[in-house]
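Reviewing the structure listed below.
What follows draws every value from the coordinates through simple rules; no lab data is involved. Quick caveat: nothing in here was measured; it's all calculated off a predicted structure. Glycine also receives a Cβ, built like all others from the backbone with ideal geometry; neighbour counts cover every protein chain displayed.
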Amino acid sequence: MSNQKHHMGMKTLNRVSNSAIYILLIVISVIWLIPFVFIVLQSFRVESTYQVGYVIPQQWGLQNYINLWNSDFKRWYLNTFIIALAAAVFQTVIVLCMSYTLSRFRFKMRGPLMRFMLILGMFPGMLTMIILYRVLSDLGLTQANAVPGLILVSVASSGMGYYVSKGFFDTIPKSLDEAARVDGATRLQVLYKIILPLAKPIVIYTILTAFMGPWGDYVFARYVAFGTSAGYNVAVGMYSWLTNDQINNMYTTFCAGGVIVALPVTILFLCLQKYYVEGVTGGAVKG
Amino acid sequence: MKKLLALILALAMALTFVACGAPAETGGGSEGEGGGEAVGNELAGTYDVVIWAPEAAVDLTKKQVDDFNSSNEYGITVNATVEPVSEADAATNMITDVQAGGDLYFFAQDQLSRLIQAGALSKLGASAVEFVKSNNNAASILAAQAGTDLYAYPLTADNGYFMYYDKSVVPESDIDSLEAIIADCEAAGKNISYELENAWYNAGFFFGTGCHSDWVTDADGNFISIDDDFNSDKGLIAAKGLYKIVSSKSYVSASTADFASGSAVVITGTWNYSTIKDQLGDNMGVADLPSFEVDGQSYHIGSYSGCKLMGVKPQTDAVRGAALARLAQYLTGKDCQLARFDSFGWGPSNNEALADPAVAADPTLAALNEQGNYAVPQPNIHGSWWDIAKVITTDVKASDGSDEALKAALAKYEESIQAVFTMSDDVKNAFTVIGSINGDGWTLDLPMTADGDVWTSDEAYTMDAGVEFKCRQGKSWDVAYPADNFVVETAGTYYIQLNAATGEVSLVPAE
């Protein structure tokens, strides 16, 4: 009897603590979601184009998205997409090759090389901004030609970001490689037939981070593409709508732009989420 | 795609080595090239020109360039690329890389000094000076000036602020009194948007009580000193007025068109007109700023008035520079200014355009004009001043409104601005040589070392006959010898020597 009571007590306690936790989580997620909901709602507001003191639009419509289509936004979006895509492809290839080499090969100066890159990686990238601008400007890769310039910049030093994936590769038993080699596989075949399928999460993590970097880049993109709309990426282009003389005409269009920019990244993350978490933590097991 | 990009990257790498060997192109041109002394057919030709205009004005500017091509008498054809760059961002963008910047660009006048120092503007030539001075109003000419020289072409003279109000909250009878407006808004639970935590706005209170704050620049756009009396009895009156509004529960530090979100009064400029018209409809009122009362006396709040200017980047090719000067004069002329007024409501600086009936009848320009009686033309201001002066409002707001607290806020302000020019005593007392030595045009102070009262230049300089120089103390002109420039009579290599006790300057031949 008393046992039974005790059991019931536990159940109620569980329920109470669960509902408290859920309420807390709901409150947090509502707070977290408010800005996003706000932006989405504003992007469908067509009765005025400036900032207003209410959230729910009085008139709904797609005019802001039509404005986007008729502005330079298309160009900016394409620029950003090309840069991000190129960075994702090149950076992933380079990083994976680098990690495979450092994980599986033993060669002279391997240790010093890794330490050297570790130290180089400690310098903030912004430090090199001005000299990189000069180099790009001499190559003619600034302003209207900023897209190849920015690709070059984001790919150039990507080999140094090998830590996480090398860590992951180290956890895959070397005996697998050896077995494959005995069966006649080349080094390249070992990489793409044995290692990569086993390291799927880390590959996806690499692609995602490589894509995200240029996607949200503002500082460097602005510096390289200054004053030339054709070379802007979305962040720089949309920022130019926020000046005093522009904001009243462009505020809702800006919100619509924000939604469009968020879409591919959101979709990418939703699809690849489970790999992403594995990837982030997977490489951390052994350094 | 991959192949293409791989190819581009490979090419880019190869080009790096080529670029290393290529000689660097030189940027700045010499004085007067932007001014255009050349006349007639010498200018005929086709020029590729990059123009930076605010996004809204891009299409109009393209059209105006086409009109220039078909109407100019010099045979100039301009092949223009118009890029949207806000006039608020022009200097930031220009300074990134002047060589790659726009040839003609719109900018707000507060950027003038930075642009001159970056080499993005040069002195206008005589004909351009004549054009600017004969066509524009006094405030806009002043805005384009550094030292005594003109550097840019006035585009508008409407960069000031005044009051928009909601007639349903603030009755027309109250709009002249700050106290009445505050009372009305507090009673209605509405806000007053007045961006006083920004020096451009809060300085108006001080100008209203007769204070002044003037930065002195030399001809190269360098700041030499400041003449400022915000920390005075008049300044204290202004601080009391400021306290009245910032201590009100209705006060919001903003200048956006936010009638839709609870404001009944917004202090802002012409750029928000159409938005506010849209928000308030028939209830919109426009007026000059109100007056505030301290110790029974009334003070009308002042303001800054400012201009937008068009800059012409110095060109290495003098003919091209002259052609661009013609284009700039056309674009800042009467017809183009009126077209901009029609399209965006930008208030002209051109005298004839100002007399146009449509311009004279515009309500916002009328309010701006009325406020103009109390406005101070915005001179060249040291970039750090904005951050120093905005703190006055924060300090006044945090204070209890007592005389002591307000005085403390003003004293703190004065200390901060004086610190801008603080030099160590060594630097202040040291003499330096400045002049046309080394072909250097009076821009560089050459160091001297003292032995008692006798100062000798650290190096010997090779000077031609006719080279002029002076020895000055503390890099300013308060103490400088000789009274008239020292002129070298015989070419040679000399040390320069100064007896600071007598003010006597002499040349000592080097071995």
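Worth pointing out:
- Kirkwood hydrodynamic radius of the protein assembly as shown, Cα pairs, Å: 31.5 Å
- In the calculated pair-distance distribution of the stretch B:426-509, the portion above 14 angstrom amounts to 57 percent of the Cα-Cα pairs.
- Stretch gain in nm, segment A:LEU242-A:ILE31, where the contour uses 0.36 nm per residue and the Cα spacing is subtracted: 73.5 nm
- Contact order relative to length of chain A, as percent, for alpha carbon pairs under 8 angstrom and 6 or more apart: 32 percent
- The stretch B:68-131 and the stretch A:70-88: distance between their alpha carbon centers, rounded to Å: 29 Å
- Other protein chain C-beta atoms within 10 Å of residue C-beta, averaged over A:48-56: 4.
- GNM flexibility winner over chain A from A:LEU25, A:LEU150, A:LEU85 (Cα, springs under 10 Å): A:LEU25
- Span from the the stretch A:96-127 Cα centroid across to the the stretch B:455-511 one, whole angstrom: 59 Å
- Think of the stretch B:426-509 as having a plus end and a minus end, set by charges on the Cβ of Lys, Arg, Asp and Glu; of B:ILE496, B:LEU446, B:TRP477, B:TRP477 sits farthest toward the positive end of this dipole.
- Between the listed residues A:GLY125, A:LEU263, A:PRO201, the Cα displaced farthest toward the positive end of the dipole of the stretch A:72-282, a dipole computed from Cβ unit charges relative to the Cα centre, is found at A:PRO201.
- Charges were assigned to the Cβ only: +1 to each Lys and Arg, -1 to each Asp and Glu. The resulting dipole of chain A about its Cα centre is roughly 1100 debye.
- Residues B:SER173, B:SER248, B:SER298, sorted so that the one with the fewest Cβ neighbours within 10 Å comes first: B:SER173, B:SER298, B:SER248
- Distance from the stretch A:171-194 to the stretch B:140-178 (C-alpha centre basis), Å: 75 Å
- Kirkwood-Stokes translational diffusion coefficient of the stretch A:1-85, alpha-carbon pairs, 25 °C, 0.890 mPa s, µm²/s: 140 µm²/s
- Given charges at beta-carbon only (K, R positive; D, E negative), |dipole| of the stretch B:426-509 in Debye: 160 debye
- Bridgeable lysines around B:LYS308 (alpha carbons under 25 Å apart, same-chain partners fewer than 8 residues away excluded): B:LYS62, B:LYS63, B:LYS123, B:LYS133, B:LYS277, B:LYS334, B:LYS390.
- FRET efficiency for the A:SER175 to A:GLN273 pair, using the beta carbon distance and R₀ = 30 Å, is estimated at 0.40.
- Filtered chymotrypsin sites (Phe, Trp or Tyr not before Pro), the stretch A:84-186: DSSP coil and at most 12 other beta carbons within 10 Å: A:PHE105, A:PHE107
- Length gained when the stretch B:VAL479-B:SER506 is fully extended (0.36 nm per residue, less Cα-Cα span): 8.0 nm
- With the alpha-carbon atoms of the stretch A:1-145 aligned to their principal axes, the span from lowest to highest coordinate is 80, 59, 25 Å, starting with the largest.
- Partner chain coverage, peptide A:221-232 - average Cβ within 10 angstrom: 5
- Range of Cα positions in the stretch A:72-282 per principal axis (Å), largest first: 69, 38, 26
- Value of [θ]222 nm, deg cm²/dmol, for chain A, DSSP H segments ≥ 4, -39500 (n - 2.57) each, nearest 500: -23000 deg cm²/dmol
- The spread of Cα positions in the stretch B:154-262, taken along each principal axis and listed from longest to shortest, comes to 51, 38, 22 Å.
- Placing +1 on the Cβ of every Lys and Arg and -1 on the Cβ of every Asp and Glu, with no other charges, gives the protein assembly as shown a dipole of roughly 6300 debye about its Cα centre.
- Selected from B:SER213, B:ALA254, A:TYR54, residue furthest toward positive end of dipole (the protein assembly as shown; charges at beta carbon): A:TYR54
- Residue-averaged beta-carbon neighbours from other chains (10 angstrom radius) around A:37-47: 0
- The A:VAL93 and B:THR77 beta-carbon pair, evaluated with R₀ = 41 Å, returns a calculated FRET efficiency of approximately 0.25.
- Peptides B:94-100, A:205-211, ordered by how many other C-beta atoms sit within 10 Å of their residues on average, highest first, read A:205-211, B:94-100.
- Mean ellipticity per residue at 222 nm, deg cm²/dmol - from DSSP H runs of n ≥ 4 across chain B, formula -39500 (n - 2.57): -11000 deg cm²/dmol
- Seen from every direction in turn and averaged, the convex hull around the alpha carbons of chain B projects onto 32.8 nm².
- Near A:TYR50: Cβ cut-off under 15 Å, other residues only, Lys/Arg at +1 and Asp/Glu at -1. The net charge is -2.
- At most 14 other Cβ within 10 Å, DSSP loop - GluC sites (Glu not before Pro), the stretch B:55-115: B:GLU73
- Nearest-0.05 FRET efficiency for B:SER173 and B:ASP403, computed from C-beta distance (R0 25 Å): 0.20
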